[in-house]
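The values are calculated or read from the model by the stated rules, or taken from the named source; none is laboratory data. Here the structure is a predicted model, which means the values were calculated and not measured. Neighbour counts are summed over all protein chains in view; Cβ atoms, including those assigned to glycine, are modelled from backbone coordinates with ideal geometry. For accessibility, only protein heavy atoms count, side chains too; no ligands or nucleic acids. Shrake-Rupley method; radii C 1.70, N 1.55, O 1.52, S 1.80 Å.
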Amino acid sequence: MDISCVSTSPIQTKADVLGVFVLASSASVANAAHFLPASLKKEYLAHIQRIQFKAAYKKTALLFTHHKIPSFLVVFIGLGALQIKEEAIRDHLREASAILVRRARQYRGKKVGILLSPDLANAINDEGQGEAIAEGAYLGSYRFTKHKSKRKEESTNGDIQEIVVFKKTKEFSQGLQKGALESKGVLLARDLVNEPAGHMKPKDLLAAAKRIAQKSSRITIESFGRAQLKKMGCGGILGVAQGSTSEPYLIHLVYRSLKKPSKKIGIVGKGITFDSGGLSIKPSQNMETMKNDMGGAAAVLGLFSILDELNPQVEVHGFIGTCENMLGGDALRPGDVLTIKNGKTVEVLNTDAEGRLVLADALSYAVEKKMDVIIDIATLTGACMVGLGSDIAGLMSNNDAVCEGLAKAAQRAGEKVWTLPLEKSYRKTLKSDIADLRNISTMPYGGAITAGLFLQEFVGKTPWAHFDIAGPVSSGRSVNAYTGKGASGFGVRTLAQFIDMNYIN
Ligand code: BES
Ligand code: ZN
Ligand code: ZN
């Protein structure tokens with residue numbers, strides 16, 4: 001699917017289905033059909049009167065044109081009122097764009113046009129408009145059909161081939177490109193997460209990382225398997241992988257900017273390709289979705305897949321710890337003690353708290369590589385979902401400026417995050433009788449925070465932030481028009497925005 005902008009009008013340039021984005025003011029609603037011939041305009045006015053269309057957010061009015069203009073269908077889509085923050089307008093544009101592509105597909109439109117309310121300029125610049133519209137269109141038309149046998153062809157049949165926006169400025173066009181690029185990263189992450197665990201073993205995640213490095217002249221990759229991990233002292237990853245026949249890996253990707261020397265930003269992802277819980281086995285209902293447990297790693301790969309084109313002037317390092325958490329004859333036993341790469345010892349009292357063990361090694365390795373800032377992203381705790389619900393990620397950090405930067409980036413991306421405190425006094429609940437730390441807190445509450453405190457033990461003084469994406473990584477229902485059922489690709493756009501903000505230059 002291509003997206004572009006033109007300076008012509010929808011009467012001059014054909015689109016099968018035309019979307020008109022309308023602001024909720026009586027003037028905008030009345031004028032929305034200004035470009036149509038008189039008879040259709042009349043029909044529009046009668047129709048909106050009948051259905052009381054006032055361009056409220058996400059409300060639509062459909063007008064069939066009887067071939068009086070090149071489009072056979074015009075979809076008027078409400079954006080709501082303008083008196084909201086820029087970030088909210090962005091999100092309304094994403095929604096409108098996604099609603100449109102879904103309608104267009106329903107009516108088998110191959111080419112889709114978009115006409116924007118000119119008043120939008122009062123609330124958001126052209127680049128922001130273009131970015132949000134492209135995001136909504138690409139993310140909203142995503143489907144994972146790989147494993148549908150008969151219906152595979154049928155389901156891709158109605159796909160939209162082209163989107164054209166009737167608004168041509170340099171900034172708008174740049175915005176479209178940026179939105180398309182970020183979406184590409186998100187869609188890769190969604191594909192990786194949606195893939196069943198039997199098809200997405202640690203070696204498959206490694207293969208995906210290698211493909212990204214191969215395509216780029218500025219990204220290099222190194223990976224370490226069992227034997228090397230032993231030499232490196234990565235007891236966390238090895239311990240979790242003990243019960244699985246799949247080889248575990250620590251993957252290290254590096255994107256180098258053209259300008260040197262530059263600051264180093266490290267992104268660390270949890271890549272548990274399946275989390276059965278290990279001997280502390282999960283009840284089957286909780287296990288159903290555990291192919292999602294590599295969503296953090298997928299976000300890292302989604303980001304790396306677009307770094308060349310995003311072209312930031314920083315050095316970006318990606319660290320992925322990947323293995324399966326299974327039950328084999330030599331599986332990790334509750335009570336076992338592991339030694340993490342930085343020398344700290346951990347008593348594993350619950351083998352289902354495995355993500356922090358894998359991340360402990362990956363974070364220690366990132367610290368050794370002297371990052372200026374480290375951000376980890378992980379499907380870490382059910383407790384985070386208990387606290388924030390399924391659509392909001394937890395954000396924890398040892399550095400206020402990094403935390404604020406990430407929260408701002410998430411707002412721009414339309415990804416919901418909420419800051420949780422790394423409460424120092426809870427630290428003592430992670431003390432072990434026989435090792436330095438225990439992998440679960442003695443306190444039955446605040447599990448997202450105590451998991452964050454556990455990770456903090458492995459970052460030293462490096463400015464660091466942690467995203468717990470257990471909730472938003474995937475959903476059993478459609479979250480919004482551009483985030484359907486299944487994997488969301490959460491994190492890719494926030495990380496891309498953060499890096500693009502030149503925050504640590
Ligand atoms: N992968 C899970 C967390 C999770 C839960 C992700 C639900 C997505 C949806 C993690 O490894 C886990 O099992 N955490 C335990 C920690 C507990 C044993 C301290 C949890 O949250 O129950
Ligand atoms: Zn677990
Ligand atoms: Zn897990």
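Some observations on this one:
- Relative to the longest principal axis of the Cα atoms of the chain, the long axis of helix 86-106 lies at roughly 70 degrees.
- Checking every one of the trypsin sites (Lys or Arg not before Pro) in the range 57-155 against DSSP loop status and a limit of 10 other Cβ atoms within 10 Å picks out K150.
- Lys/Arg +1, Asp/Glu -1 at C-beta; the range 365-505 dipole; positive extreme among V479, I392, F467: V479
- Expressed as a whole percent, the accessible area of the range 48-159 that falls on carbon and sulfur atoms is 50 (1.4 Å probe).
- Dipole-positive endmost among I449, A209, A46 within the chain (Cβ charges, Cα centre): A46
- Charge dipole (Cα centre; +1 on Lys/Arg Cβ, -1 on Asp/Glu Cβ; no other charges) of the range 32-145 amounts to roughly 800 debye.
- Placing +1 on each Lys and Arg Cβ and -1 on each Asp and Glu Cβ, with no other charges, gives the chain a dipole about its Cα centre of roughly 1140 debye.
- For the pair N31 and T419, the difference between a 0.36 nm per residue extended length and the Cα-Cα distance amounts to 135.4 nm.
- With respect to the chain, whose longest principal axis is taken over its alpha-carbon atoms, helix 126-140 is tilted by about 70°.
- The chain, helix-only ellipticity at 222 nm - DSSP H runs n ≥ 4, -39,500 (n - 2.57), divided by all residues, nearest 500: -11500 deg cm²/dmol
- Cα shape, the range 398-505, gyration tensor, a/c 1.5 rule: oblate
- For S474, the amide hydrogen comes within under 5 Å of the amide hydrogens of S488, counting only partners 5 or more places away or on other chains and with H modelled in the peptide plane.
- Three-way shape call for the range 343-410 based on the alpha-carbon gyration tensor, with the a/c threshold at 1.5: oblate
- Sequence-separation-based contact order of the range 375-505, relative, with Cα cut under 8 Å and 6+ spacing, percent: 39 percent
- Three-way shape label, the range 53-205, alpha-carbon gyration tensor, a/c 1.5: oblate
- Dividing the alpha-carbon radius of gyration of the chain by the rule-of-thumb value 2.2 N^0.38 Å gives 1.04.
- Whole-number accessible area per residue in Å² for the chain, which is evaluated in the context of all protein chains at 1.4 Å: 41 Å²
- To the nearest ten degrees, helix 38-51 and the longest principal axis of the Cα atoms of the chain are 50 degrees apart.
- The chain, relative contact order in percent, only Cα pairs under 8 angstrom and at least six apart counted: 15 percent
- Under 5 Å, built H, 5+ apart or other chain: amide partners of V20: V75, F76, I77, L115
- Among T145, I281, A410 - extreme Cα towards positive end, dipole of the chain, charges at beta-carbon: T145
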